[in-house]
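Read the figures in this text as sums done on the coordinates, not as results from a lab. Only a predicted model underlies this, so the values are computations on that prediction, with no experimental measurement involved. Cβ: placed from backbone, ideal geometry, glycine included. Neighbour counts: every protein chain shown.
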């Protein structure tokens, strides 16, 4: 049997992250390598035919063959697009994707009062954080929302914190304040802004770094002072440069989490 080639897909409210993992079955146990990765915008109105064309173009640009893919796993926080991606997977790869959700083995007890309320992306991140870094650990994801997911030293998902994302906050501010304009999220010349652009950049960058540091301090009072902190998401590296709490940036945490879940459930597909 040839080594699997896995396509992982994470559908968020703003972006879709995709990755191809190549497996080497000749090693001791199958080892996986993230060979390609992409981030594209989420468009709920796209049809399966349009997504087939887009995905085929991404593969062609990296000289990857559609028929290489042996398995697909999907997580989504946008329920209406799941059937569309299922059709895409069937059309391109001849099989339905595994869907992250109830019934999937995660190896992680969920201590939420209602486990079904936890977004698929948060479980994926939590599994990856614990598997890759151990616990107790706090995984901070800078996405549409800024989330803090907390995993105990025993590998239990305890819950977390949800805050408005940086871009969401910026857009809300500009919609309500007609004299303010959109700015690049970058380090200003000083904390005390001497221009409107500088003042906005200071508030966004240092404000969110301060939010992270403050929340991590409060979480550690409950989770443990030795809790590790990792960050992922589009702005993770930039915020981490200003944060005292973030210890490591894991840019592909969600993609790795999908791979780990595929491996935990692989026998179901064999």
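Quick notes on this structure:
- For 146, 14, order by how many other beta-carbon atoms lie within 10 Å, fewest first: 14, 146
- Using alpha-carbon coordinates, inclination of helix 196-223 to the longest axis of the chain, degrees: 70 degrees
- Rounded tilt (10° steps) of 120-133 against the dominant C-alpha axis of the chain: 90 degrees
- Fewest-first sequence of 150, 163 by Cβ atoms within 10 Å of each Cβ: 163, 150
- Segment 1-144: proportion of alpha-carbon pairs further apart than 28 angstrom, %: 21 percent
- Crossing angle, helix 48-61 versus the chain [Cα axis fit, 0-90 degrees, rounded to tens]: 90 degrees
- Three-way shape label, segment 84-169, alpha-carbon gyration tensor, a/c 1.5: oblate
- Residue exposure sequence - 122, 259 - by fewest surrounding Cβ within 10 Å: 259, 122
- FRET efficiency for the pair residue 237 and residue 182, taken as 1/(1 + (r/R0)^6) with r the Cβ-Cβ distance and R0 = 25 Å, rounds to 0.75.
- In the distance distribution for segment 205-270, Cα-Cα pairs more than 13 Å apart total 68 percent.
- Euclidean distance of C-alpha centroids, segment 36-64 and segment 201-258, integer Å: 30 Å
- Column: log10 I(q)/I(0), Debye, Cα scatterers of the chain, q = 0.07, 0.08, 0.14 Å⁻¹: -0.28, -0.36, -1.03
- For the pair segment 177-197 and segment 91-126, the centres of their Cα atoms are 39 angstrom apart.
- Relative contact order, percent, the chain [alpha-carbon distance under 8 Å, six or more residues apart]: 17 percent
- Shape analysis of segment 115-255 places it in the prolate category; the axes a ≥ b ≥ c from the Cα gyration tensor give an a/c of at least 1.5, with a/b above b/c.
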